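Enquirer: The structure follows.
The values are calculated or read from the model by the stated rules, or taken from the named source; none is laboratory data. Small disclaimer: the values here were computed from a predicted structure and weren't measured. Counting neighbours? That spans all protein chains shown, and the Cβs are built from the backbone with ideal geometry, glycine included. Note: areas computed on protein heavy atoms with side chains; ligands, DNA, RNA excluded. Shrake-Rupley method; radii C 1.70, N 1.55, O 1.52, S 1.80 Å.
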Amino acid sequence: MAIRDRGLARAIPALGLEQGGEGVALELCGYHPGARATLEARVGRRRFAVKAFADDPAPEATLYQALSAAGLAGDSGARVPPLLAWDHDLRVLVIGWLEGPTAHQLVKQGQGRRAGELAAQWVRRTASLPVKLGLPFGAAGMMHETRAWIGTLGTADLSVGAAARALAEALARTEPRDDGSVGLVHGTLYARHILDVGDGPGVIDWHRFGQGPVELDAGMFLATLSRLRLLHPAHAGEALLAEQAFLEGTRGLLDESALAWHRAAALLQLTERLPDGRGDWRARAHVLLAEATRLTERAAPREPIAPRRRAASWFKAPALELVLQALSTRPATPEELDQIRALLREGQV
């Protein structure tokens, strides 16, 4: 509304545009109801993104500044969009525009190996970044979110919900410990969020960033490749090439069992979005959930003693149910996660 009423130049003076806003073209290119909207802005030869948020975007603005200080907002190599301006009161960020096809598009264009190489370059680059911003986000956080995903799928279809619940129980049995090395994670490293900017990868949409294991981002990227391979057979070959190139490029960096677990969890997250789509989404959901279940068989059990009892307690114990219900509308604190783990270990629920 501020941009509409005053024009972009007056609404966000830090951009340094000419007053009046003549020649400014704005187009909505992304919208998440109740959360955020992204506008593509063109002013002459300049092109940038204006992102409006429901919540305070200060953490994301700080992240862009830190990534810039780490050398990731330049014109060469792996990079993120540079932060051009931000307004705390309007809850608006303005960032540069990265040009290039996404990894998703590369796979569909017959350049699967290039897509995998770019993703591997990014994961290796960020694995050693000295950026310690963001809340903890690892396997425990993913397990907490599975409850909402199961609820969505179960409401949409009972059979899909049952398959999702069985998968979540398998994830609970094989959940890796979040006691290894952690670093900056993107949180939603979809193939659509990685761009080929010429001499390296560019990564956009950092609203879910945090501190977690490198396998979390790697698993999400591979899960999007699995979705493309399984649901679009015409691109299966290139998706496999992308996966092979990614695994080759990250050899020695990733824990295989943790990677399988995070990939399975990411497939459950991606499945949760299918009910909003068209066509026979139920069949597609079962395909993805079956692939995720297969992956959990490659994830080493976290607690090999009585795994069936542990999985059952996660979803059925009354005391634990009350704890998780209290956390259904917000992330758990580290202390609350410790409480959940204690309940599971002690078997007193």
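Enquirer: Answer with one residue from 64, 82, 33: the one whose Cα lies farthest towards the positive end of the charge dipole of the stretch 1-88, charges on Cβ with Lys, Arg +1 and Asp, Glu -1.
Expert: My answer, from the dipole projection, is 82.
Enquirer: Please identify the GluC sites (Glu not before Pro) of the stretch 1-66 that satisfy two criteria: DSSP loop assignment and at most 16 other Cβ atoms within 10 Å. Which are they?
Expert: Answer in residue order: 18, 22.
Enquirer: Taking R0 as 22 Å, what's the FRET efficiency between residue 70 and residue 253 from their Cβ-Cβ distance, rounded to 0.05?
Expert: Calculated value: 0.75.
Enquirer: Let's see if you can work this out: charge +1 on each Lys and Arg Cβ, -1 on each Asp and Glu Cβ, no other charges. What is the dipole magnitude of the stretch 37-95 about its Cα centre, in debye to the nearest 20?
Expert: Dipole of the stretch 37-95, to the nearest 20 debye: 380 debye.
Enquirer: Would you mind telling me the share, in percent, of accessible area of the stretch 35-194 contributed by carbon and sulfur at probe 1.4 angstrom?
Expert: 51
Enquirer: List, in order, the whole-Hz ³J(HN,Hα) value for each residue of the stretch 58-65 obtained from phi through the Karplus relation with A = 6.51, B = -1.76, C = 1.60 and θ = phi - 60°; use x for Gly and Pro.
Expert: 4, x, 5, 4, 4, 4, 4, 5
Enquirer: In debye, nearest 20: dipole of the stretch 109-213 around its Cα centre with unit charges on the Cβ of K, R (+) and D, E (-)?
Expert: Dipole size: approximately 120 debye.
Enquirer: Using amide H atoms built 1.01 Å from N in the peptide plane, name the residues 5+ places from residue 7, or on other chains, whose amide H lies under 5 Å from its own.
Expert: For residue 7, no residues qualify.
Enquirer: Taking a ≥ b ≥ c as the square roots of the eigenvalues of the Cα gyration tensor of the stretch 55-159, is the shape rounded (a/c under 1.5), prolate (a/b larger than b/c) or oblate?
Expert: oblate
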